[in-house]
Amino acid sequence: MQAPERPHDPPVPAQAFTEHALRSHLSVAAVSTARGLGLAIRPGRVDSQALLSVLGDRYGYWTDDIEHTDPFGWPALEDDTI
């Protein structure tokens, strides 16, 4: 899990990207981000939605703060600010 990807590595199966798995990893990332911002996360179960709300409302977690090329090449939406 810690080694860089190599061209001959087998592809990750699409079944690994379930909504549950993505939400679980987002929760872990949110806790890491909060700690990196100096917020104290108490031991025990974390209310992920509440934490994500705080990160979004107070720290702009969901806001891109620099123009960049879309790495996926998806067409921009009308209200896109990129």
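Rounded, prolate or oblate: which fits the chain, taking a ≥ b ≥ c as square roots of the Cα gyration tensor eigenvalues, rounded meaning a/c under 1.5, else prolate when a/b beats b/c? Judged from the Cα gyration tensor, the chain comes out oblate (a/c at least 1.5, b/c at or above a/b). For ASP64 and ARG45, the difference between the fully extended length at 0.36 nm per residue and the C-alpha to C-alpha distance is 4.0 nm. Per-residue extension of 0.36 nm, minus the Cα-Cα distance of PHE72 and GLU5, leaves a gain of 22.3 nm for this segment.
May I ask you to derive the relative contact order of the chain, considering only C-alpha pairs under 8 Å and at least 6 residues apart, and to give it as an integer percent?
Across the chain, relative contact order equals 17 percent.
Placing unit charges on each Cβ (+1 for Lys and Arg, -1 for Asp and Glu) gives the chain a dipole about its Cα centre, and among GLY44, PRO4, SER27 the Cα reaching farthest toward its positive end belongs to GLY44.
Under the convention that each Lys and Arg Cβ holds +1 and each Asp and Glu Cβ holds -1, the size of the dipole of segment 1-65 around its Cα centre is about 320 debye.
Values quoted throughout were computed directly from the atomic coordinates according to the rules given, and no laboratory measurement underlies them. Because the structure is a prediction, the values reported are computed rather than measured. In this analysis, Cβ positions are derived from the backbone assuming ideal geometry, glycine residues included, and neighbour counts consider all displayed protein chains.
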